[in-house]
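Novice: My questions will all concern the structure given below.
The values are calculated or read from the model by the stated rules, or taken from the named source; none is laboratory data. Just so it is clear, the structure is predicted and the values come from calculations on it, not from any experiment. Cβ atoms come from the backbone with ideal geometry, glycine included; neighbour counts cover every protein chain shown.
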């Protein structure tokens, strides 16, 4: 069954690395069990899981007072936060504000 793991924190890459290690070990143990006992129950496969991390291991999340600290997860669920972050990072015009962007239909 497909699933999505989202790690929206500093050092999230470490979570993904360890999650991949766990999933690989789990699938290896499952295959070994099936070799020993072909009638054993088939366990879930993690090969179709998507893993998203806000930062690599050793990196911290950016901090801006105008946007939530959990920016990565917020951008997945609301376009407003993504627009705010884009404007903060890439000023289009000196007088173009987040409020202006929110007025765009």
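Novice: Could you tell me whether residue 58 is in a loop (DSSP other than H, G, I, E, B) and loosely packed, with under 15 Cβ neighbours inside 10 Å?
Specialist: Details: in a loop (DSSP other than H, G, I, E, B): yes; loosely packed, with under 15 Cβ neighbours inside 10 Å: yes.
Answer is yes for this residue.
Novice: For segment 35-70, enumerate the residues that are more than 16 Å from the chain's Cα centre (by Cα) and without any contact (Cβ under 8 Å) to a residue 12 or more places away in the chain.
Specialist: Those that are more than 16 Å from the chain's Cα centre (by Cα) and without any contact (Cβ under 8 Å) to a residue 12 or more places away in the chain: 35, 36, 37, 38, 39, 40, 41, 63, 65.
Novice: If you take the residues in segment 1-50 that are outside any helix (DSSP H, G or I) and at pLDDT 85 or above, which one is surrounded by the fewest Cβ atoms within 10 Å (Cβ to Cβ)?
Specialist: Of segment 1-50, the ones outside any helix (DSSP H, G or I) are 1-11, 37-50.
Checking the rest, the ones that are also at pLDDT 85 or above come to 10-11, 37.
Values: 10: 17, 11: 16, 37: 9.
Checked segment 1-50; the qualifying residue surrounded by the fewest Cβ atoms within 10 Å (Cβ to Cβ) is 37.
Novice: Condition first: modelled with pLDDT of 75 or more, assigned to a strand (DSSP E or B) and in contact with a helix residue (DSSP H, G or I) (Cβ under 7 Å, 6 or more places away or on another chain). Can you find one or more residues in segment 72-92 that meet it?
Specialist: Within segment 72-92, not a single residue is modelled with pLDDT of 75 or more, assigned to a strand (DSSP E or B) and in contact with a helix residue (DSSP H, G or I) (Cβ under 7 Å, 6 or more places away or on another chain).
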